[in-house]
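Below is one structure, written out as structure tokens, with a few remarks after it.
The values are calculated or read from the model by the stated rules, or taken from the named source; none is laboratory data. Remember, it's a predicted structure, so these values are computed and weren't measured experimentally. So basically every Cβ, Gly included, is an ideal-geometry build from the backbone, and we count neighbours across all protein chains shown. Just so you know, the surface numbers come from the protein's heavy atoms only, side chains and all, with ligands and any DNA or RNA stripped out. Shrake-Rupley method; radii C 1.70, N 1.55, O 1.52, S 1.80 Å.
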Amino acid sequence: MPKETHSFKRLVLGLQPGAHDGMMQLAVELAELLHLDLLGLFLEDSGLIDLASMPFSREFKPLGGGWQMIDPDRMLHDFELAARGTERKFLSAAKRLPSGCQFKVARGSITQTFASVSRSDDIVMIAEPRSPAERVTQQFAGMIEGAFRSAAAVMLVPPHIARTKGPVVAITASSGDPSILAAAAIAFAAKEELIIIENDGHDAEDPRISKLAAETGLVIRRMAAPRVRLADPAACAQAFHQITERLIVMTRGVLAEGMASAISAARRVPVLVIEPLDEPDESMPPPGR
């Protein structure tokens, strides 16, 4: 590895009404950094339209409006306006992007949309809502579920990012963890240091890590972190000590479900969750060898 490129080919940005400009700018910068095509996917949840069509459905309007019937035609019109406005902002943000750029409106189940649109060489980027109330909505839960049920890698982005410069961190379960190579490719592209947080007590010397450093020219640091610490969101930040990282990479299944979101919120940086390898990496031994 690489000076050859990473395996990702496209960045899929999940968009909903109210998507903020900073999220789009981050997606454009990442796509430019990693030479990825960019797809802005505006998600129109058919479940809301179906709900609005039911005769008993109501919406609450403040300032004396009270509970009123939902007009499905008006809701569709509002979605169309939001989609056009989001498309204008997205294309404006992506106009300097040298790679391919596309905007698409997806109608239907959010969960099923990601499964049908995404590919194994995609990164699906999901922004955590700024409002705590939005994080518990069915729409956001469906977006997260759909992203993680797809074949793509998933990047969770906090509403307020602390840093856009600094080391790239891989949280690993073994010296053969695929997150190491993914993080190394990103660190190489960004000209940043690679830090490997080892979650299983690796040996002090690992020739594979030395070889990776020699082949890429990356500065690589290894740090040990007890598994129990990384399993506790409140204590997880301690494993990072004084690291001022810009991005964290981990393989799905290395930590408990929900930990990626908890770490992203605690560290206020994006967390990229990649799929495990279908076959063992010959250059780095699989767990247990």
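Structure values in brief
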| quantity | calculated |
| --- | --- |
| Residue within the stretch 242-262 that is among the basic types (Lys, Arg), part of a helix (DSSP H, G or I) and at pLDDT 80 or above present | no |
| Odd one out for Arg229 among (1) closer than 12 Å to Asn199 by Cα; (2) open to solvent by less than 40 Å² (accessible area, probe 1.4 Å); (3) at pLDDT below 90 | (2) |
| Any hit, the stretch 45-63, residues being hydroxyl-bearing (Ser, Thr, Tyr), open to solvent by 20 Å² or more (accessible area, probe 1.4 Å), within 21 Å of the chain's Cα centre (by Cα) and modelled with pLDDT under 60 | no |
| Number of positions in the stretch 150-164 that are surrounded by fewer than 19 Cβ atoms within 10 Å (Cβ to Cβ) and either outside any loop (DSSP other than H, G, I, E, B) or of a type in the set (A, V, I, L, M) (or both) | 3 |
| Tally of residues being part of a helix (DSSP H, G or I) and at pLDDT 85 or above across the stretch 124-143 | 0 |
| Output for the stretch 77-91, where each listed residue is among the acidic types (Asp, Glu) and modelled with pLDDT of 90 or more | Glu87 |
| Count of the stretch 149-172 residues which are among the small types (Gly, Ala, Ser) and in contact with a strand residue (DSSP E or B) (Cβ under 7 Å, 6 or more places away or on another chain) | 4 |
| Residue pairs meeting the criteria (Cβ under 8 Å; at least 6 apart or on separate chains; first over 17 Å from Pro17 (Cβ atoms) and open to solvent by less than 20 Å² (accessible area, probe 1.4 Å), in the stretch 81-102; second assigned to a helix (DSSP H, G or I) and β-branched (Val, Ile, Thr)) | Ala94/Val28; Leu97/Val28 |
| Residue list for the stretch 1-44, filter: at pLDDT below 90 and open to solvent by 20 Å² or more (accessible area, probe 1.4 Å) | Met1, Lys3, Glu4, Thr5, His6, Ser7, Gln16, Pro17, Gly18, His20, Asp21, Gly22 |
| Subset of the stretch 261-275 (residues that are of a type in the set (A, V, I, L, M, F, W, C), touching a helix residue (DSSP H, G or I) at 6+ places or on another chain (Cβ under 8 Å) and within 18 Å of Ile186 (Cβ to Cβ)) | Ile263, Val271, Leu272, Val273, Ile274 |
